[in-house]
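Visitor: Here it is, the structure, as C-alpha cells.
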Amino acid sequence: MASQDDVILEVRDLVKHFPLTQGIVLKRSIGAIKAVDGVDFDLRRGETLGVVGESGCGKSTLAKLLMALERPTSGSVRVHGEDIASARGAALKRMRRNIQMVFQDPYTSLDPRMTVGDIVGEPFEIHSEVAPKGDRRRRVQELLEVVGLDPEHINRYPHQFSGGQRQRIGIARGLALQPEIIVCDEPVSALDVSIQAQVMNLLDRLQKEFNLAYIFIAHDLSVVRHISDRVAVMYLGKIVELGADAEIYDHPTHPYTQALLSAVPVPDPRGRENRERIILTGDVPSPANPPSGCRFRTRCWKAQEICSVEEPLLQVREGSGHPSACHFAEVHDVVHVA
C-alpha cells in the first residue's frame, strides 16, 4: 500500500464555472455552467486513477484543469506541493514538464504539416534543457522505438500512419519530457477494439517501466477496470463515488454507479440472466441549473425528501469501505464485468 509520502498530485475543492452571458455589446451575466464543482482526490506515484461518467459530466474539463489549460474558478491542483493552477511564467513551464497529456483523437491531436520527428521532438524545443539540440533526433528515435514504432519512420507524416500508430506517436510525445504524471483523456475511444487492447497493453508496460502515474479518463467502464487501481465516478461536475477498482466494480454503493454498471455488457448469458438491469428515467440535468441537494436525485429511485435539501458529502458510509456521496448508500453486488 502506498504511503502519503507517495502522493504526487493533490486536487482540493476544484471548481470551474463557465459564465453565461446575454447581449452582444453590453454583456450581462445570467448564470454559469458548473462543469467541475468541488472535486477532491490524490494520486500516488505509479498509480492509475480512472475517472468515469457520462458525456458532459466534467471529465475533460477536469483534465484541462489538471494541465493548467484552463484556470479554475477556485481550488487547487498541487504537484509535489506546488499549485500548478496558480503558477505563471517560468514556474508553470517548469511544472508542466512533470504532467503531460495524451489526447482523445489521434486524428486531430497531431499537426498534419509536421513530421513525426518534429511532433515527438517539439517538447525539446520548448524545454531545451531536457535534450541538447544535437541529440534530439536520437532521443526521438528512442521514443518511437519505446512505443513500438519503427524509428526509421521519423520523417513520415501523420497521414501515413493508422489510428493506433498515431496514438502511439501521441504517447511518445507525452513521454518526451520524462513526466511522472500522464493525463489520458479517453485515449482509446476513437480506436477499434483490437487496437484498443494493444494501446492499453502499451500504457500498462510503460507505467511499469517508467513508474508513471495515470489519470485515465473514459466512459467505457470495462476499459477503465483493466488499467485502474482506483476509480472515481463523476456526475454533473462532482465525484459521487471513489474507491479501489474491485470495490467500485463488484460492490458499488452509489445508485448512479450501480446504474452504469448494470448497462455494461456481460458475455456470459447466465450472468445476464442473474443481473438486474437498472433503467434511469429522465435526462441529465443542465450543469447551468443543477438540482438542489443531491444532483442525482431527479433520476434516482432511492430519493427522499432529505435528498432535495441536503447535499450528501463524499464520505465512507456505514457498511461500505469506500467514500460515496449518497444519503442511502448501500453495497450492491453486481455480476463480474469481463
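The values are calculated or read from the model by the stated rules, or taken from the named source; none is laboratory data. Only a predicted model underlies this, so the values are computations on that prediction, with no experimental measurement involved. Note: ideal-geometry Cβ built from the backbone for every residue, glycine included; neighbour counts use all protein chains shown.
Visitor: So which residues in segment 47-73 are within 13 Å of the chain's Cα centre (by Cα), basic (Lys, Arg) and surrounded by fewer than 20 Cβ atoms within 10 Å (Cβ to Cβ), if there are any at all?
Guide: Lys64
Visitor: Another question about this same structure. Which numbered condition in (1) β-branched (Val, Ile, Thr); (2) free of Cβ contacts under 8 Å to residues at least 12 places away in the same chain; (3) within 29 Å of Asp220 (Cα to Cα) is the only one that Ile8 fails?
Guide: Failing condition for Ile8: (2).
Visitor: List the number of the failed condition for Arg88; all other conditions in (1) at pLDDT 95 or above; (2) within 28 Å of Lys34 (Cα to Cα) hold.
Guide: (1)
Visitor: Related question: Select from segment 104-125 the residues that are touching a Leu at 6+ places or on another chain (Cβ under 9 Å) and hydrophobic (A, V, I, L, M, F, W, C) and list them in ascending order.
Guide: If the condition is that a residue be touching a Leu at 6+ places or on another chain (Cβ under 9 Å) and hydrophobic (A, V, I, L, M, F, W, C), then Val116, Ile119, Val120, Phe124 are the ones that fit.
Visitor: So Thr281 fits all but one of (1) hydroxyl-bearing (Ser, Thr, Tyr); (2) loosely packed, with under 15 Cβ neighbours inside 10 Å; (3) modelled with pLDDT of 90 or more; (4) more than 22 Å from the chain's Cα centre (by Cα); what number is the exception?
Guide: Just one mismatch for Thr281, condition (3).
Visitor: For the subset of segment 100-122 comprising residues that are surrounded by fewer than 17 Cβ atoms within 10 Å (Cβ to Cβ) and not charged (D, E, K, R), which member is nearest to Leu143 (Cα to Cα)?
Guide: Within segment 100-122, the match that is nearest to Leu143 (Cα to Cα) is Met114.
Visitor: Considering each of Arg44, Arg78, Arg94 in turn, give the residue that is of a type in the set (Lys, Arg) and surrounded by fewer than 16 Cβ atoms within 10 Å (Cβ to Cβ).
Guide: Arg94
Visitor: For segment 19-41, how many residues are at pLDDT 95 or above and more than 15 Å from Met234 (Cα to Cα)?
Guide: Number satisfying all stated conditions: 0.
Visitor: Quick one: which residue in Gly174, Gly164 is buried (at least 16 other Cβ atoms within 10 Å of the Cβ), modelled with pLDDT of 95 or more and closer than 16 Å to Leu203 by Cα?
Guide: Just one listed residue meets the conditions, Gly174.
Visitor: A further question on this structure: What do you reckon, is Lys27 touching a residue at least 40 places away in the same chain (Cβ under 8 Å) and farther than 19 Å from Leu260 by Cβ?
Guide: For Lys27, the condition - touching a residue at least 40 places away in the same chain (Cβ under 8 Å) and farther than 19 Å from Leu260 by Cβ - is not met.
Visitor: Check off (1) more than 27 Å from Ser60 (Cα to Cα); (2) touching a Cys at 6+ places or on another chain (Cβ under 7 Å) for Pro132 and give me the number that stays unchecked.
Guide: (2)
Visitor: For Ala288, which of the numbered conditions (1) crowded, with 18+ Cβ neighbours inside 10 Å; (2) within 24 Å of the chain's Cα centre (by Cα); (3) touching a residue at least 24 places away in the same chain (Cβ under 8 Å) fails to hold?
Guide: With (1) crowded, with 18+ Cβ neighbours inside 10 Å; (2) within 24 Å of the chain's Cα centre (by Cα); (3) touching a residue at least 24 places away in the same chain (Cβ under 8 Å) applied to Ala288, the lone miss is (1).
Visitor: Right, something else. Answer yes or no as to whether Val146 is free of Cβ contacts under 8 Å to residues at least 60 places away in the same chain, within 20 Å of Pro187 (Cα to Cα) and either crowded, with 19+ Cβ neighbours inside 10 Å or not basic (Lys, Arg) (or both).
Guide: Here the answer is no, as Val146 does not meet what is asked.
Visitor: How many residues does segment 184-227 hold that are under 19 Å from Pro265 (Cβ atoms) and of a type in the set (S, T, N, Q)?
Guide: Going through segment 184-227 one residue at a time, the tally reaches 4.
Visitor: Considering only segment 120-133, I want to know if a residue exists there that is in a loop (DSSP other than H, G, I, E, B), at pLDDT 95 or above and not basic (Lys, Arg).
Guide: No, that holds for no residue.
Visitor: Evaluate the following for Glu125: is it surrounded by fewer than 18 Cβ atoms within 10 Å (Cβ to Cβ), within 26 Å of Lys238 (Cα to Cα) and charged (D, E, K, R)?
Guide: no
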